Structures are given as C-alpha cells and as structure tokens.
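Enquirer: Here it is, the structure in full.
The values are calculated or read from the model by the stated rules, or taken from the named source; none is laboratory data. Bear in mind the structure is a predicted one, so any value in this text is a computation, not a measurement. All Cβ positions, even for glycine, are placed from backbone atoms using ideal geometry, and neighbour counts span all protein chains on display. All accessible areas refer to the heavy atoms of the entire protein, side chains included, with ligands and DNA or RNA removed. Shrake-Rupley method; radii C 1.70, N 1.55, O 1.52, S 1.80 Å.
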Amino acid sequence: MRAIKYHGVQDLELVNIEKPVAGPGQVVVKVAYCGVCGTDMHAYNHPGIFNWELVLGHEGVGVVEEVGEGVTCVKVGDRVAVGPPGDCGSCYSCNTGHPNTCANAFPNTLGIGPGTQGAYAEYVLSKFPENELFVIPEGMPFEQAVLFDLLGVGFHAVRRSELKLGDNAVIFGCGSIGLGTIQSAKLAGARTVIAFDTNISTHKRAYDSGADYVFEPTEEGMKKAMELLAHEGGAHVCYEAAGHSTALAGAIELCMPNGQVMIIGSDGRPFELVSAALGPMEYDLKFSFTYTKEEIHQLFEMIRMGTFKTDMFQILKAPLEDVEKMIVAQTQGTVDVARVLLTPNGEM
Ligand SMILES: [Zn+2]
Ligand SMILES: [Zn+2]
C-alpha cells in the first residue's frame, strides 16, 4: 500500500509498504481522510520536532476493514476516527482521569511516535483500539469527524479552565485551535469573547466562531480590549492559542487580577516570568494539552446535534502524493484553509 514516510526536515517520501494485518486485539482501518496537522507542518519545516522516521498522520477517519481476535469495541464496517491520545490505560494519569497526560502515550501515538505508522497511508493498524478509535455517530460526515483533533484541543482547554457563565474570555491566536477555543468559550457561557490574531484573514472566521470582537495584537488592539474589560480590570480567562511568547505576554497583560491564563500553544523558546510583577495579581497560570477520548464523544454529540458548528473550518482535499506541495503552499499562505485532507483511497 502507499504511504508517506517522514525522514526529516523537508524530506517526505511516497513509499510502498506492506498492508497491515490485524493481530489479536488489533484493528485495521481503511483511511478515508487524514488531516495535515500544524504539528506535521512544523516537523516538515523545523528540526527537533520528530527526530525519527515514521509514517505521518494522527488525524485519520475511515472504515474498519479487519478486526483481530477478541476485539469487541468496533466491528467491520464501522466508521471511526483514529487518533491521539494513544494512552496506555493503566498508568496513574490514565487511572485518575487524565489520559491526555499519559507518559506512555507519546511513543505509541500513531503518526507521532518513533517508527509508528500513521494515517498518511491507505490503511492504518490500531494496536490499542479501545483507546485510539472513536466510533463516528451515524449521519456525521467524515469531513466533520476528521476535525476531532483540531477541535478537541480548544474544547479540552475551556473545560479545564475556570471560565463561568457571564465571564469574559480573551483568546490569542485565531488558527484552527484558536477558533475551536473561541467557540467552546462562547458555548461555555462567556459574556464577551475577544480574539486576537496578526493575520487579518482569520478575523472573519473568528467572528463566525462566536467572537464578539477581533483585533490585531497591536498597542491599539490591546488598548481597545482593555477598555472593553475595564470593569474587572481584565478578562477572567485568557487563552494562549498562538504558540508564541508574545501572545503569552499579551494574555497575561489582559488577565484580570486573580484571573486565569490557560496556555494551549507550545513554543520551544524560553519565556521570562517576573514574579515580583505577576505575584501581586495572583494570576493562575495553567497548561492544557490535547484532549481525552471522552471529550471527543462529547464533541461529536454536540456537532451531531448542531450545537457545535464546523462550517467555518474550510477544508481542501488532496491526493496523498500532493502532501508536500500542500504543506509548502500552506506555509507560504497561498493555500489558506483550516485543514488539508489527504485522500489515500480517493473518495470513499
Ligand atoms: Zn493534529
Ligand atoms: Zn497511561
């Protein structure tokens, strides 16, 4: 079968590998679509993300092709999403309701862990089907379900935050993760949602996602936001979804005393915190990482019921062999969509 192998920075190869076979407890899924995630683009463009060989793709959806002996969670023909977290189900984090922080998950996560075979391929083998396969509700198209990874991150961050009905929320970054965070915050009852992005082309999508105000993170934009938040001296919760230290600085600046800063984005560079300046405000700095399987069930149900909207997420379908072209085009901004979806088996 055809698959896309990652060798290193700007080095992807269309290869022919053995089609996987389901052993006991395992499941083979025929891939309908696989999203090209920002993480994959990062690994393509920058060293230090994946220092190993693998077949990329952790945002797959498809149809169960084969089930191994003893598998009861899915059956042949089921439509499923295949993706992180590849949690182990038995460590302390997993046993205490935090499978997204499972220390064993990373090496096992398909399309991320060293040597794994992700869904940039015609078929994908799930070794932990109980943990990494989500059955897609009846009637939900693959095009919606495939957004589970990008929507799940903001959904989890808002659930993990202290945001309450009537609070104000600020979101830095209106990329795919930011848009999911904006919508989640509004659905969670935020009174005013103020979003920021340097890229003006994202602003309409931010409004479509429920933002009340969208600004560029300039001095003027920050001033306008502070005027809107003047009553409490800042927002109750500020979400950093840009993955940039200047956005984190902005999030802290717009946080009210005793408010919360939820850090979703990841930035490899160090960030300076001056406790003498921040301590007197008793800011609550918190991190948020991926999502849980249970949250994907909640999200899928909300999408199915029409509560959670996905129409602001523009998609573009492309054959497997065009992946490199698509990553370059998205990096250069000549293709501006929420997700490029690879179609390893054509239209299914
Ligand atoms: Zn992803
Ligand atoms: Zn675990």
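Enquirer: Within 16 Å of ligand 1 (Cβ to nearest atom), β-branched (Val, Ile, Thr) and either over 20 Å from Glu130 (Cβ atoms) or crowded, with 21+ Cβ neighbours inside 10 Å (or both): which single residue out of Ile17, Ile4 fits that description?
Expert: Ile4
Enquirer: Name the single residue that is farthest from ligand 2 (Cβ to nearest atom) among those in region 73-93 being farther than 18 Å from Phe142 by Cα and at pLDDT 90 or above.
Expert: This residue is Cys73.
Enquirer: If you check every pair at least six apart or on different chains, which have Cβ atoms under 8 Å apart with a residue in region 81-104 that is open to solvent by 60 Å² or more (accessible area, probe 1.4 Å) first and a residue that is among the hydrophobic types (A, V, I, L, M, F, W, C) and near ligand 2 (Cβ under 9 Å from one of its atoms) second?
Expert: Once the first residue is open to solvent by 60 Å² or more (accessible area, probe 1.4 Å) and sits in region 81-104, its partners that are among the hydrophobic types (A, V, I, L, M, F, W, C) and near ligand 2 (Cβ under 9 Å from one of its atoms) give Ala103/Cys91; Asn104/Cys88; Asn104/Cys91.
Enquirer: Taking only pairs six or more apart or across chains, which ones have beta-carbon atoms under 6 Å, a first residue in region 252-264 that is on the phi > 0 side of the Ramachandran plot, and a second residue that is open to solvent by 10 Å² or more (accessible area, probe 1.4 Å)?
Expert: Matching pairs, first to second residue: Asn258/Glu282.
Enquirer: Here's something else I'd like to know. Scan Gly259, Gly250 and give me the residue that is surrounded by 20 or more Cβ atoms within 10 Å (Cβ to Cβ), over 23 Å from Leu165 (Cβ atoms) and of a type outside the set (Asp, Glu).
Expert: Gly250
Enquirer: Can I ask one more? Count, please, the residues in region 76-104 that happen to be out of contact with any strand residue (DSSP E or B) (no Cβ under 8 Å at 6 or more places or on another chain) and within 14 Å of ligand 1 (Cβ to nearest atom).
Expert: Count: 4.
Enquirer: Identify, please: which residue in region 94-119 is aliphatic (A, V, I, L, M) and more than 8 Å from ligand 2 (Cβ to nearest atom) and is, among those, nearest to Lys293 (Cα to Cα)?
Expert: Leu110
Enquirer: Give the residue, chosen from Ala277, Ala247, that is within 19 Å of the chain's Cα centre (by Cα) and of a type outside the set (Phe, Trp, Tyr).
Expert: From the options Ala277, Ala247, the qualifying one is Ala247.
Enquirer: Something else about it: Is it the case, given these coordinates, that Gln330 is polar (S, T, N, Q), farther than 24 Å from Phe106 by Cα and either touching a strand residue (DSSP E or B) at 6+ places or on another chain (Cβ under 9 Å) or modelled with pLDDT of 95 or more (or both)?
Expert: yes
Enquirer: On to the next question. Of the residues in region 223-247, how many are more than 12 Å from Ile264 (Cβ to Cβ) and open to solvent by 20 Å² or more (accessible area, probe 1.4 Å)?
Expert: 12
Enquirer: While we're on this one: Can you report the number of residues in region 47-67 which are away from ligand 1 (no atom under 16 Å from the Cβ) and part of a loop (DSSP other than H, G, I, E, B)?
Expert: Number of matching residues: 5.
Enquirer: Please work out which residue is farthest from ligand 1 (Cβ to nearest atom), limiting yourself to region 105-119 and to residues that are more than 17 Å from Gly60 (Cα to Cα) and in contact with a Phe, Trp or Tyr (Cβ under 7 Å, 6 or more places away or on another chain).
Expert: Gly115
Yes or no, residue by residue, for (1) at pLDDT 90 or above; (2) assigned by TED's automatic domain parsing to the domain that holds Lys223:
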site	(1), (2)
Gln260	yes, yes
Arg269	no, yes
Ala276	yes, yes
Gln298	yes, no
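Enquirer: Inspect region 189-196 for any residue being closer than 18 Å to Lys309 by Cβ and in contact with a Phe, Trp or Tyr (Cβ under 9 Å, 6 or more places away or on another chain) and give the result as yes or no.
Expert: Looking through region 189-196, at least one residue is closer than 18 Å to Lys309 by Cβ and in contact with a Phe, Trp or Tyr (Cβ under 9 Å, 6 or more places away or on another chain).
Enquirer: Still on this structure, please answer the following. Condition first: under 19 Å from the mean Cα position of the chain (by Cα) and either closer than 29 Å to Val337 by Cα or in contact (Cβ under 8 Å) with a residue 60 or more places away in the chain (or both). Can you find one or more residues in region 63-79 that meet it?
Expert: no
Enquirer: Continuing with this model, one more query. Residues of region 127-176 being of a type in the set (A, V, I, L, M, F, W, C), under 20 Å from Gly86 (Cβ atoms) and open to solvent by 30 Å² or more (accessible area, probe 1.4 Å), which ones?
Expert: Selection gives Phe128, Val135.
Enquirer: Show me the helices (runs of 4 or more DSSP H) found entirely inside region 247-348 where at least 3 residues are more than 30 Å from Glu132 (Cα to Cα).
Expert: 275-278
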